[in-house]
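> Quick one: the structure is below, questions incoming.
The values are calculated or read from the model by the stated rules, or taken from the named source; none is laboratory data. What you see is a predicted model, and the numbers here were worked out from it, not measured in a lab. Ideal geometry is used to build each Cβ from the backbone, glycine not excepted, and the neighbour counts take in all protein chains shown.
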Amino acid sequence: MLPLFYNQRMIKGLTVVKPVGSPAAWERLSALFSELGFEPGKGWDDGTGRGVSFLAPLGNAEFVTGRLPAVPELLIECTQLDIVHGIVKRWLSAELRTEEISGRLSGISETHWKSRLFTVHLGDDLVFGFWEREDVLAGRPIAVEGDLSAAGMKFGIVVARWNAVITDRLLQGSLDAITRSGGKLEDVQIVRVPGAWEIPSAARMLADLRDDGGKRKFDSIITLGCLLRGETAHYEAIYNEAARGIGQSQQDTGVPHAFGVLTCETLEQALNRAGIKAGNKGFEAAVAAIEMVSIARKIGHAAAGEHEGSGVTAGKNAQVDVDRASEGFQK
């Protein structure tokens, strides 16, 4: 039996080496694979020959017993197969006469293994098959993504009074994002603090609040502020501590915190980011908060509170209504 430390993955990659008949063909093939999007690897030249490698994100070796499938030895999985087919056809058009292309390049056909495939003969006994899954998500990790519905969510918003001409616009952007996404203003608690330095403390207070049932009162905290660079290092000190404190509150409580604290050189830059030219960062912070709450609920995070009116409770209540309707229909 192998020692325990051998029970780890030791294989890093797989290389298939194929000969090419001439330096000119080698150059042309290198150009084709570069155009197809392969990542160039390390090449070599020892005076008697030279090689170049092309890297793919994934690879595998497949061994077959019994009847071999009617596919080329080298198969390349890709996306946008029709575009790949066009690139290969254009490359062949520069190498061959038009009437010769059909003998080298097949059309795209469906396979019995739920894929689409075409083959190409590139010369020197080099035959490649390019294929694409019919289900483009097959074989890929399934990602959990948040929805942009704020229905039933509760938010705490901490907004600094300093530079109020900016922060008031950020606050309006956040409220706009929440209500446009199905949230209610009565589910939003706004706390105003003197400046950016005080934001982390207030954010932590809101994140720690719990209802009578012990559930967290707010699903997410949105932090809004504005710092403008001055003539001293005061700006850097305040920003660094504000960012650190907000991040620390999020990590310690598990409640998502959206960062909407602007750090700008001039008042004009801040105004542009508060709804004039470059969007409204308060709106963007609220959207991020909504998505993070949705993600927390989907993965079953403890911070996704089950307070009255929350998405969790609303979902359960909706299921109860469906069950009751089904029972009435059956009767």
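> Just checking, how many residues over the range 111-137 are of a type in the set (A, V, I, L, M, F, W, C) and surrounded by fewer than 14 Cβ atoms within 10 Å (Cβ to Cβ)?
The qualifying residues number 3.
> Pick from the range 155-164 the residues that are surrounded by 15 or more Cβ atoms within 10 Å (Cβ to Cβ) and either touching a strand residue (DSSP E or B) at 6+ places or on another chain (Cβ under 6 Å) or at pLDDT 95 or above (or both): which of them is farthest from P200 (Cα to Cα)?
N163
> On to the next question. If you check R297, R229, R216, which single one turns out to be touching a helix residue (DSSP H, G or I) at 6+ places or on another chain (Cβ under 8 Å) and free of Cβ contacts under 8 Å to residues at least 24 places away in the same chain?
R297
> Among the numbered criteria (1) at pLDDT below 85; (2) under 30 Å from P256 (Cα atoms), which single criterion is violated by G152?
It fails just one condition, (1).
> Then there is this: Tell me which residues, restricted to the range 175-213, are touching a residue at least 60 places away in the same chain (Cβ under 8 Å) and over 15 Å from F283 (Cβ atoms).
D187, A196, I199, D211, G213
Every residue, every condition in (1) surrounded by 12 or more Cβ atoms within 10 Å (Cβ to Cβ); (2) at pLDDT below 75; (3) in a strand (DSSP E or B); (4) of a type in the set (V, I, T), yes or no:
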{"position": "G47", "(1), (2), (3), (4)": "no, no, no, no"}
{"position": "G59", "(1), (2), (3), (4)": "yes, no, no, no"}
{"position": "T65", "(1), (2), (3), (4)": "no, yes, no, yes"}
{"position": "L68", "(1), (2), (3), (4)": "no, yes, no, no"}
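> Moving on to the next point. List, please: which pairs have Cβ atoms under 7 Å, are six or more places apart or on different chains, and start with a residue in the range 160-174 that is under 7 Å from G282 (Cβ atoms) and end with one that is among the charged types (D, E, K, R) and part of a helix (DSSP H, G or I)?
Hits for this filter: L170/K281.
> Out of T253, T313, which single residue is in contact with a Gly (Cβ under 8 Å, 6 or more places away or on another chain), modelled with pLDDT under 90 and more than 17 Å from A164 (Cα to Cα)?
T313
> Could you list, in sequence order, all residues of the range 103-117 that are hydrophobic (A, V, I, L, M, F, W, C) and in contact with a strand residue (DSSP E or B) (Cβ under 6 Å, 6 or more places away or on another chain)?
L105, I108, L117
> Would you say V64 is over 28 Å from the mean Cα position of the chain (by Cα) and free of Cβ contacts under 8 Å to residues at least 40 places away in the same chain?
Against the criterion (over 28 Å from the mean Cα position of the chain (by Cα) and free of Cβ contacts under 8 Å to residues at least 40 places away in the same chain), V64 qualifies.
> So, I87, is that one under 14 Å from L36 (Cβ atoms), in the same structural domain as G21 (by TED's automatic domain parsing) and either surrounded by 12 or more Cβ atoms within 10 Å (Cβ to Cβ) or not acidic (D, E) (or both) or not?
Against the criterion (under 14 Å from L36 (Cβ atoms), in the same structural domain as G21 (by TED's automatic domain parsing) and either surrounded by 12 or more Cβ atoms within 10 Å (Cβ to Cβ) or not acidic (D, E) (or both)), I87 qualifies.
> From the set of residues in the range 203-218 that are more than 28 Å from the chain's Cα centre (by Cα) and in a loop (DSSP other than H, G, I, E, B), which is nearest to I290 (Cα to Cα)?
Among those that are more than 28 Å from the chain's Cα centre (by Cα) and in a loop (DSSP other than H, G, I, E, B), it is K217.
> Ok, one more. May I ask you to say which residue of A160, A150, A94 is in the same structural domain as L206 (by TED's automatic domain parsing) and hydrophobic (A, V, I, L, M, F, W, C)?
Just a single option satisfies the conditions, and that option is A160.
> Right, another one. Hey, can you tell me all the residues within the range 219-242 that are more than 15 Å from A288 (Cβ to Cβ) and either surrounded by 12 or more Cβ atoms within 10 Å (Cβ to Cβ) or touching a strand residue (DSSP E or B) at 6+ places or on another chain (Cβ under 7 Å) (or both)?
Result: G225, C226, L227, L228, R229, Y235, E236, I238, Y239, E241, A242.
> Return a yes/no flag: does the range 186-200 have any residue that is on the phi > 0 side of the Ramachandran plot and either hydroxyl-bearing (S, T, Y) or loosely packed, with under 14 Cβ neighbours inside 10 Å (or both).
No, because not a single residue in the range 186-200 is on the phi > 0 side of the Ramachandran plot and either hydroxyl-bearing (S, T, Y) or loosely packed, with under 14 Cβ neighbours inside 10 Å (or both).
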